[in-house]
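Here is the structure we will look at.
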Amino acid sequence: MARFIFITGGVVSSLGKGLASAALGSLLQARGYSVRLRKLDPYLNVDPGTMSPFEHGEVFVTDDGAETDLDLGHYERFTGVSARKTDSVSSGRIYSTVLEKERRGDYLGKTIQVIPHVTNEIKDFISIGEDEVDFMLCEIGGTVGDIEGLPFFEAIRQFAQDKPRGQCIFMHLTLLPYITASGELKTKPTQHSVKELRSIGIAPDILVCRSEHPIPDKEREKLALFCNVRPDAVIAAPDLKSIYEAPLAYHREGMDRAVLDAFGLEQKAPDLAKWEDVADRIFNPEGEVNVAIVGKYVQLEDAYKSIAEALTHGGIHNRVKVNAEWIDSEIFEREDPTPYLEKFDAILVPGGFGERGTEGKIKAVKYAREHNIPYLGICLGMQMAVIEAARNQAGIADAGSEEFDHEAGQRRFTPVVYHLKEWLEGNRTIQREVSDDKGGTMRLGAYNADLTAGSKVAGIYGESAISERHRHRYEVDLDYKSKLEDKGLIFSGMSPDGRLPEIVERPDHPWFIGVQFHPELKSKPFAPHPLFASFIGAAVDQSRLV
Ligand code: GLN
């Protein structure tokens, strides 16, 4: 049966709890244990699928088709363990399950209350698959003291109480602010945060303290004394130059040792070779490349978190530093893209929803095609490449996507990209209408694609059949295949039933690929995704030309 590590946060949000959890997961793996990571989010949305990327950052999609929190992306990138639907839950999901049960009469007429009905639902969620791994790491979103978070804190308190002694530990992440005038790290906010945690019955076993400076012994002892933890269970989490340094840095600070100590487990020597290699490649690059990401949600980098990380992984593979610059595509609707794009070695158009900014993205595609700049189009970025070719090469001047017509409520475009109403999931036919709910109704999760023998993508993957994660409602219309192929845009990847175009590429261009799926979601620093490795390789070649 798994041992449980509950990770909570205090003092302020955005301390990197997800990253600390993910890095701890990788350290336990390095010690020879199997792990699974879970995120429990107190917000009331049923899942993050309908949340704006500006609000919540990227929506991370799992193989089994769940739209989850972006922290699950960190978990996968650090541990390589594919996340599942059952690794992410929100208050909204918990409450909606409880209310469904109540309507069905499952509670046999009882009064439904937060304790025990909501907390029981949370505890059931935490224990799903507990026999499968050595360690289950559960991160609670938000900070201790948030009203919405209370049922989760109560549930993990009960959970630890329900289990035999020594099977659950609590790790609390806080901030030690530095007062420049007095040159001191302050422990009081952490003391208050732990006090809050203890007032709801949770005594942390380990404190992880974010700080810009090393923690002097005096402060460490003070924290230990006032927060009732052992001095060697006060772990410093220093600021890092790269997130991929975290496993090595946290190991140096003793995080994995403290965790094993708290469980009374022996200290097997860790194998950190994989992370040493990643760090070496990041900190000793042999060159650099500049990549433009032309998109809509450029103000918040978290909106494209996995793309930014996958580009870094491509850099790790090629031993180069990747300078990614985010450009708002709407600029190109007013101005010539040349002065903006000419300094880049590669151009990426990421996924997106809605019409705003798409005309600018089409201009970026045209620029990449005409100037032989490596181009990677992801999801909407592939659809943009198809529309660009239809308009500017195949003579369909009003080519567009049904998505934009639906949004505008009128027909303005010839739909070379249409609303997908039916597709196969294994042997099952899935059907959708335009009027369906927006939550969880897209073509979501892992689907297979067959690659054309001899195509560029088949060479890049080194395989003829692939599985990648999807998140889209619209699809390139196969009726335009021959017209577009005549102009050099080849359909080199198709769904196994041959009905849905999955990949387009240009054999007459140094590197031009559009994919209907999201390869960025499966890239890892120690196993860069082949498309990103190849794309950055092409950017390196391009940088040598100029
Ligand atoms: N909006 C497009 C669609 O639904 C693209 C989605 C995406 O880029 N993830 O098909």
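Dividing the alpha-carbon radius of gyration of the stretch 270-357 by 2.2 N^0.38 Å (N being the number of residues), what value is obtained? Walk me through the numbers on the way to the answer.
Working: Rg = 15.5 Å, N = 88, 2.2 N^0.38 = 12.1 Å.
This ratio for the stretch 270-357 stands at 1.29.
Tell me the relative contact order for the chain as a rounded percent, counting alpha carbon contacts under 8 Å between residues six or more apart.
15 percent
Using amide H atoms built in the peptide plane, which far-off residues or other-chain residues are under 5 Å from residue 137 H to H?
Answer set, sorted by chain and number: 5, 36, 37, 38.
In square nanometres and to one decimal, what's the mean projected area of the convex hull around the Cα atoms of the stretch 69-128? Kindly include the intermediate steps, with their values, before the conclusion.
Working: hull surface 18.7 nm².
Over every viewing direction, the Cα hull of the stretch 69-128 projects on average to 4.7 nm².
List, in the order given, every pair from 274/366; 85/195; 85/343; 241/296; 110/163; 39/481 whose Cα-Cα distance in the structure shown is over 32 Å. Write down the numbers at each step before the final one.
Details: 274/366 40 Å; 85/195 34 Å; 85/343 41 Å; 241/296 27 Å; 110/163 26 Å; 39/481 42 Å.
Going by Cα-Cα distance, 274/366; 85/195; 85/343; 39/481 fall outside the 32 Å limit.
State in Å² the accessible area per residue of the stretch 268-370; use a 1.4 Å probe, count heavy atoms of protein chains only, and round to the nearest integer. All intermediate terms of the calculation are to be shown ahead of the outcome.
On the way: 4270 Å² over 103 residues.
On a per-residue basis, the stretch 268-370 sits at 41 Å².
What are the aspartates and glutamates whose alpha-carbon lies under 20 Å from the alpha-carbon of residue 186, with same-chain residues fewer than 8 places away excluded?
Straight-distance partners of residue 186: 196, 212, 217, 219, 221, 232, 239, 253.
Go ahead and estimate [θ] at 222 nm for the chain from helices alone: -39,500 (n - 2.57) per DSSP H run with n ≥ 4, summed, over the residue count, rounded to 500.
Details: 20 runs with 196 residues, N = 546.
Calculated at 222 nm, the ellipticity per residue is -10500 deg cm²/dmol.
Taking amide H positions as placed 1.01 Å from N in the peptide plane, with prolines and chain starts having none, which residues 5 or more places from residue 472, or on another chain, fall under 5 Å of its amide H?
Long-range HN contacts for residue 472: 443.
Hey, could you pull the Cα Rg and Dmax for the stretch 9-69, both in Å?
Spelled out, the Cα radius of gyration and Dmax of the stretch 9-69 are 13.8, 39 Å.
Which three extents, in angstrom, do the Cα atoms of the chain have along their principal axes, listed largest first?
Projected onto the principal axes, the Cα atoms of the chain cover 74, 63, 43 Å.
Which whole-Hz couplings ³J(HN,Hα) result when phi for each residue of the stretch 180-192 is put into the Karplus expression 6.51 cos²θ - 1.76 cosθ + 1.60, θ = phi - 60°, listed in order with x for Gly and Pro?
Those phi angles translate into 4, 4, 9, x, 10, 8, 9, 9, 4, x, 5, 4, 5 Hz.
Expressed in nm to one decimal, what extension gain is obtained for the pair residue 112 and residue 425 from 0.36 nm per residue of sequence separation less their Cα-Cα distance? The partial results should precede the final answer.
On the way: separation 313, 0.36 × 313 = 112.68 nm, distance 3.72 nm.
Stretched fully, the residue 112-residue 425 segment lengthens by 109.0 nm.
Based on Cβ point charges of +1 for Lys and Arg and -1 for Asp and Glu, what charge dipole magnitude is obtained for the stretch 184-317 about its Cα centre, in debye rounded to the nearest 20?
Numbers: 17 positive and 23 negative charges, 120 e Å.
For the stretch 184-317, the charge dipole is close to 580 debye.
Please give the solvent-accessible surface of residue 198 in Å², to the nearest 10, using a probe radius of 1.4 Å with every protein chain present.
Surface accessible to solvent at residue 198 totals approximately 110 Å².
Using a Förster radius of 30 Å, what is the FRET efficiency between residue 397 and residue 85 based on their Cβ-Cβ separation? Nearest 0.05, please.
My answer for the efficiency is 0.10.
If you wrap the stretch 337-381's Cα atoms in a convex hull and average its projection over all directions, what's the area in nm²? Mind showing how you got there, number by number?
Working: hull surface 11.6 nm².
Averaged projected hull area, Cα only: 2.9 nm².
Label points 7 Å out from Cα along the Cβ direction at residue 232 and residue 128: separation in nm?
In this crude label model, residue 232 to residue 128 measures out at 3.8 nm.
How much net charge surrounds residue 174 when only the other residues with a Cβ under 12 Å from the Cβ of residue 174 are counted, with Lys and Arg +1 and Asp and Glu -1?
Numbers: positive: 17, 186, 188, 195, 210; negative: 196.
So the surrounding residues net to +4.
Work the Kirkwood hydrodynamic radius out for the stretch 93-137: mean of 1/r over every pair of different alpha-carbon atoms, inverted, in Å.
Numbers: mean 1/r = 0.0857 Å⁻¹.
That comes to 11.7 Å for the stretch 93-137.
Using a probe of 1.4 angstrom, how much of the accessible area of the chain is carbon and sulfur, in percent?
Values: 10600 of 22390 Å².
That share works out to 47 percent.
The values are calculated or read from the model by the stated rules, or taken from the named source; none is laboratory data. Only a predicted model underlies this, so the values are computations on that prediction, with no experimental measurement involved. FYI the Cβ positions are ideal-geometry reconstructions off the backbone, even for glycines, and counts take in every protein chain you see. The protein model used for the area step is the full one, side chains on, heavy atoms only, and it has no ligands, DNA or RNA in it. Shrake-Rupley method; radii C 1.70, N 1.55, O 1.52, S 1.80 Å.
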